[in-house]
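Following: one structure in structure tokens, then a few remarks.
The values are calculated or read from the model by the stated rules, or taken from the named source; none is laboratory data. Keep in mind that what you see is a predicted model, and the values were worked out from it rather than measured. Backbone-built Cβ (ideal geometry, glycine too); neighbour counts: all protein chains shown.
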């Protein structure tokens, strides 16, 4: 549920085309079409995450892009999803695929997560008509439950890591995986990182238990980043360089 206002969707292909032309990486074949497909497929997952995480987009005063499972998804998510789920993982992939250290990998998780926290706090403080969180939300700071920040970031981060590992091995029919990678990675991140928070929100526990669920979400997100450094960081003897990953799929 990355909600960032004012970013033009055209930014993704303008960034992606020069890199693809230079590297011929299958991770960015036809970047205009691929990023639009990825963002739209992640849009379709939004109602599931909203239900599990107790988030609601009001119908009054907003134009609805589509509705699924009783959850209206507003039009303004269209450009914001292109920005968050398109531009950020694309740039992270560009950095990771050229070889980077564990410190830089951590920064590529912590900076977007901090930006998510600041922006959502600002948006929720400006208006409660865009969206709202309800229920027993863990770690709520004003209107924003802090556990959403690592969850929001984990999916795009995981997508960049997966494409770093698999991108050079995707040829021919295997390129069909690329448009679905964001949806699959965000779903995996939600299922793993968000599981403790989802469970406490949708169950009845003493008041301290939801807070523990939020902390566990932060911990699982940190574990995802740590394992990623073990896979691709050049200063951590990455598994890929030690031949523990297959040379082809």
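Below, the figures for the structure above:
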read-out	value
Filter result for residue 196 (out of contact with any helix residue (DSSP H, G or I) (no Cβ under 7 Å at 6 or more places or on another chain) and assigned to a helix (DSSP H, G or I))	no
Residue ID - surrounded by the fewest Cβ atoms within 10 Å (Cβ to Cβ), chosen from residues in the stretch 105-119 that are within 24 Å of residue 71 (Cβ to Cβ) and touching a helix residue (DSSP H, G or I) at 6+ places or on another chain (Cβ under 7 Å)	117
Among (1) surrounded by fewer than 18 Cβ atoms within 10 Å (Cβ to Cβ); (2) modelled with pLDDT of 90 or more; (3) more than 23 Å from residue 96 (Cα to Cα) - the single one residue 138 does not satisfy	(1)
Residue match in the stretch 78-100 (condition: loosely packed, with under 14 Cβ neighbours inside 10 Å and either assigned to a helix (DSSP H, G or I) or touching a residue at least 12 places away in the same chain (Cβ under 8 Å) (or both))	no
Verdict on residue 196 being surrounded by 22 or more Cβ atoms within 10 Å (Cβ to Cβ), out of contact with any strand residue (DSSP E or B) (no Cβ under 8 Å at 6 or more places or on another chain) and more than 22 Å from residue 105 (Cβ to Cβ)	yes
